[in-house]
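Enquirer: Structure provided below as structure tokens; questions to follow.
The values are calculated or read from the model by the stated rules, or taken from the named source; none is laboratory data. Just so it is clear, the structure is predicted and the values come from calculations on it, not from any experiment. Heads up, the Cβs are rebuilt from the backbone with ideal geometry, glycines too, and the neighbour counts pull from every protein chain shown. Calculation scope for accessible area: heavy atoms of the full protein, side chains included, ligands and nucleic acids excluded. Shrake-Rupley method; radii C 1.70, N 1.55, O 1.52, S 1.80 Å.
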Amino acid sequence: DKIPAYTTFVSAEDGGRNENGTVKWAAKKVKNGESFTFKFKVKVNDDVNGQRIDNVAKVNDSKNEYTTNETHNPTPTKPKKEVYTDGNKINIDGKQVKAGQELTYSVTYKNTTGGDRDVTIEDKIPDYTTFVSADSDGKEENGVIKWATKKVKNGESLTVTFKVKVKDDVDGNQIKNTAKVKEGKNEYTTNETHNPTTTPPSKEVYTGSTTTNIDGKQVKAGQELTYAITYKNTTGEDRDVTVTDKIPAYTTFVSAEDGGRNENGTVTWNRKVKNGESFTFKFKVKVNGDVNGNRVDNVAKVNNGKNEYTTNETHNPTPST
């Protein structure tokens, strides 16, 4: 008897031995009119997923060889979860998403059990998102979406979807989601989806040799200001990052660190930032001598190869003379 596909041999009775995936028993004398039953045991593999477990044996009585009937045992197909965005049906599991983006989650169950099943699905709303809507009469209660029990015929599939919006303060946290599917007496957990998010780049302004942010504080003519743009890579992969920062009005460029170059009034940096790494880009300006009550404002842009972000804007008033 060949060990069935999608199973692993465990043991055999009455001297049966497993040889290269086939269980064999030594010849046994069976008297006329007598019956004898040969048994062996297997374990269904953990990664079975809707495949049918079939088995058939061969019996040779020294004069004739017979093939037994074939047994058939279906297995359930594990429910599947996917995540989409922007109306597309392309699974973006593992891809980066950003604040304000709408995500659609789908849960698909296929009945391969051999009989009709009553199926119930529930899904907890992911952290760092807000519920928007659900199809097929899905109801959200206390952060969990539940769909009414539906009868799914053998061989048919059932898909339900719901939509969420990524919160504005997601700030680099990963958005994870998994669903539970109850099929009669069995309960299954889907695969878990993962979507990293970005930490928005930040801008600060210092003066002198300090690193105390003076955003909102008054500055004066002749004073040197250092601007710092900090980018943290939470995308899940290394990125080639470009930072650009226009020199503020009412100031004059002095210098830039880490290869920053001033071209026509805009300071530009190019740098590879590894996943999980933070890097701060700095440049220095001097407030013009003729400033007179004007406000010195500054904002930067950060492009990580796939998305472009704008930092917060700093503001520094000057005294009127």
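Enquirer: Would you mind telling me which numbered condition in (1) part of a loop (DSSP other than H, G, I, E, B); (2) without any contact (Cβ under 8 Å) to a residue 60 or more places away in the chain; (3) in contact with a strand residue (DSSP E or B) (Cβ under 7 Å, 6 or more places away or on another chain); (4) not aromatic (Phe, Trp, Tyr) THR161 fails?
Expert: Against the list (1) part of a loop (DSSP other than H, G, I, E, B); (2) without any contact (Cβ under 8 Å) to a residue 60 or more places away in the chain; (3) in contact with a strand residue (DSSP E or B) (Cβ under 7 Å, 6 or more places away or on another chain); (4) not aromatic (Phe, Trp, Tyr), THR161 comes up short only on (1).
Enquirer: Now, a different point. Cβ-Cβ below 6 Å, separation at least six or inter-chain, first residue in region 194-211 and among the small types (Gly, Ala, Ser), second modelled with pLDDT of 95 or more and surrounded by fewer than 20 Cβ atoms within 10 Å (Cβ to Cβ): which pairs?
Expert: From region 194-211, the pairs are SER202/THR230.
Enquirer: Which of the residues belonging to region 268-321 are on the phi > 0 side of the Ramachandran plot and without any contact (Cβ under 8 Å) to a residue 60 or more places away in the chain?
Expert: Passing the criteria: GLY276, GLY293.
Enquirer: Go through region 124-158 and count every residue that is under 27 Å from THR197 (Cα atoms), open to solvent by 90 Å² or more (accessible area, probe 1.4 Å) and assigned to a loop (DSSP other than H, G, I, E, B).
Expert: 2
Enquirer: Another question about this same structure. Please identify the pairs in which a residue from region 49-72 that is free of Cβ contacts under 8 Å to residues at least 60 places away in the same chain has its Cβ atom under 7 Å from the Cβ atom of a residue that is part of a loop (DSSP other than H, G, I, E, B) and of a type in the set (Gly, Ala, Ser), counting only partners at least 6 apart or on another chain.
Expert: Sorted first by the residue in region 49-72, then by its partner, the pairs are THR68/ALA57.
Enquirer: For LYS167, work out the one condition from (1) surrounded by fewer than 14 Cβ atoms within 10 Å (Cβ to Cβ); (2) farther than 18 Å from ASN191 by Cβ it doesn't fulfil.
Expert: Answer for LYS167: the failing condition is (1).
Enquirer: Restricting attention to region 82-107, and to residues there that are open to solvent by 40 Å² or more (accessible area, probe 1.4 Å) and not in a loop (DSSP other than H, G, I, E, B), which single residue is nearest to THR197 (Cα to Cα)?
Expert: Among those residues, the one meeting the criterion is GLU102.
Enquirer: A follow-up question, please. Looking only at region 260-278, which residues are touching a Phe, Trp or Tyr at 6+ places or on another chain (Cβ under 6 Å) and open to solvent by 30 Å² or more (accessible area, probe 1.4 Å)?
Expert: Scanning region 260-278 gives a single hit, ASN262.
Enquirer: How many residues are outside any loop (DSSP other than H, G, I, E, B) and within 19 Å of ASN73 (Cα to Cα) when one looks only at region 1-21?
Expert: Count: 5.
Enquirer: Which of (1) closer than 24 Å to GLY94 by Cβ; (2) open to solvent by less than 30 Å² (accessible area, probe 1.4 Å); (3) part of a loop (DSSP other than H, G, I, E, B) does VAL302 not meet, given it meets every other one?
Expert: Status for VAL302: all satisfied but (3).
Enquirer: Looking at (1) in a loop (DSSP other than H, G, I, E, B); (2) under 29 Å from VAL219 (Cα atoms), can you tell me which one ASN275 breaks?
Expert: (2)
Enquirer: Is there a residue in region 291-301 that is among the charged types (D, E, K, R) and at pLDDT below 95? Steps first, please.
Expert: Of all residues in region 291-301, those among the charged types (D, E, K, R) come to 295, 297, 301.
Right, trim to at pLDDT below 95 and you get none.
Among the residues of region 291-301, not one is among the charged types (D, E, K, R) and at pLDDT below 95, which makes the answer no.
Enquirer: Restricting the search to region 175-199, which residues are under 25 Å from ASN304 (Cα atoms) and open to solvent by 80 Å² or more (accessible area, probe 1.4 Å)?
Expert: LYS176
Enquirer: So, in region 25-76, of the ones that are among the hydroxyl-bearing types (Ser, Thr, Tyr) and open to solvent by 70 Å² or more (accessible area, probe 1.4 Å), which residue ends up nearest to TYR109 (Cα to Cα)?
Expert: THR67
Enquirer: While we're looking at this one, here's another question. Please identify the pairs in which a residue from region 232-258 that is without any contact (Cβ under 8 Å) to a residue 12 or more places away in the chain and over 26 Å from VAL296 (Cβ atoms) has its Cβ atom under 8 Å from the Cβ atom of a residue that is open to solvent by 60 Å² or more (accessible area, probe 1.4 Å) and not in a strand (DSSP E or B), counting only partners at least 6 apart or on another chain.
Expert: Close Cβ pairs (under 8 Å, with a partner that is open to solvent by 60 Å² or more (accessible area, probe 1.4 Å) and not in a strand (DSSP E or B)) do not exist here.
Enquirer: SER209 versus (1) farther than 20 Å from GLY305 by Cα; (2) at pLDDT below 95; (3) open to solvent by less than 60 Å² (accessible area, probe 1.4 Å); (4) of a type in the set (Gly, Ala, Ser): which is the lone unmet condition?
Expert: (3)
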